[in-house]
Amino acid sequence: MFPSFKRAFTYYRRQLTDLVRSQWPIASDFAIIFERDPAARNWLEVLCCYPGFHAITAHRLAHWLHYRHIPFFPRFISHLARCFTGIEIHPGAQLGVAVFIDHGMGVVIGETAVVGDYSLIYQGVTLGGTGKETGKRHPTIGKKVVIGAGANVLGNIHIGDHARIGAGSVVLHTVPAHCTAVGVPSRNVCECNTTAAPLEHGNLPDVEAVTIHHLWAHIQQLEEQLHTLKRSTLSSLTTLES
């Protein structure tokens, strides 16, 4: 009887230790809020009034249970977190350390999604699939990525480290590291995004405007060449007539 009790005690102590270790990123999740959000005044306000922090904290417990194939409770915790925060994170999703969901309402993160360390996600973002396929079907987000409000990142694609996703963009293809993706569907504009600074929504590259500008410049160049050719032709005809 005693050996059985000892084995049970050892087993549950090990499980409790694993649970505590799995929750250590919560300290980083808490601290990063003060770095990213100038509206964060004090620890009590952040602890009680930040739904993104609440959702991530609940997810870490749900993910720990999901990883151990415990039925029902992971999804139930996820469901409760969605009801209280408006943020839906599947228990199977993998979140790195110091992930910050700002405002958070309407954020959806799918089962096989991976979010890298120090990434910033604004409200209304969807990290979803493109159909009913099984297996890896959600995006993998690199480290220090910023995803703007209302952006949709869909399918088994990779968003590189330090990448930026503009607000309202629909991303269906891989975004290389240090690039900004904007538009519907998105287009990649590569530049040196080497810091984790928040996305400047008012300073995003306008891919359509740049394309139109290049086309207009090309048209002007062709018109100048046409005028030059026309003058040369008229000059040649005048010379022949004389």
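List of remarks:
- Annotation note: Cβ proximity below 6 Å between a residue of segment 147-160 that is not assigned by TED's automatic domain parsing to the domain that holds VAL108 and a residue that is in a loop (DSSP other than H, G, I, E, B) (sequence gap 6+ or interchain) occurs for no pair.
- Only residues that are part of a helix (DSSP H, G or I) and of a type in the set (Val, Ile, Thr) were counted across segment 69-106, and they come to 2.
- So ALA55, is it at pLDDT 95 or above and either touching a Gly at 6+ places or on another chain (Cβ under 7 Å) or part of a loop (DSSP other than H, G, I, E, B) (or both): yes
- Test result for LEU172, of a type in the set (A, V, I, L, M, F, W, C), touching a residue at least 40 places away in the same chain (Cβ under 8 Å), under 24 Å from ASP29 (Cβ atoms) and in contact with a Leu (Cβ under 8 Å, 6 or more places away or on another chain): no
- When residues of segment 127-152 are limited to those that are outside any loop (DSSP other than H, G, I, E, B) and not polar (S, T, N, Q), the one surrounded by the most Cβ atoms within 10 Å (Cβ to Cβ): ILE147
- Within segment 65-86, tally of residues that are surrounded by 15 or more Cβ atoms within 10 Å (Cβ to Cβ) and either among the small types (Gly, Ala, Ser) or over 22 Å from the mean Cα position of the chain (by Cα) (or both): 8
- Hits in segment 153-179 (condition: part of a strand (DSSP E or B) and either surrounded by fewer than 24 Cβ atoms within 10 Å (Cβ to Cβ) or among the aliphatic types (A, V, I, L, M) (or both)): VAL153, LEU154, HIS158, ILE159, ILE165, VAL170, VAL171, VAL175, CYS179
- Residue among ASN188, ASN193 that alone is modelled with pLDDT under 95, farther than 15 Å from ILE109 by Cα, surrounded by 20 or more Cβ atoms within 10 Å (Cβ to Cβ) and not small (Gly, Ala, Ser): ASN193
The values are calculated or read from the model by the stated rules, or taken from the named source; none is laboratory data. Quantities reported herein were computed from a predicted structural model and do not represent experimental measurements. For neighbour counting, all protein chains shown are included, and Cβ atoms are generated from backbone atoms with ideal geometry for every residue, glycine included.
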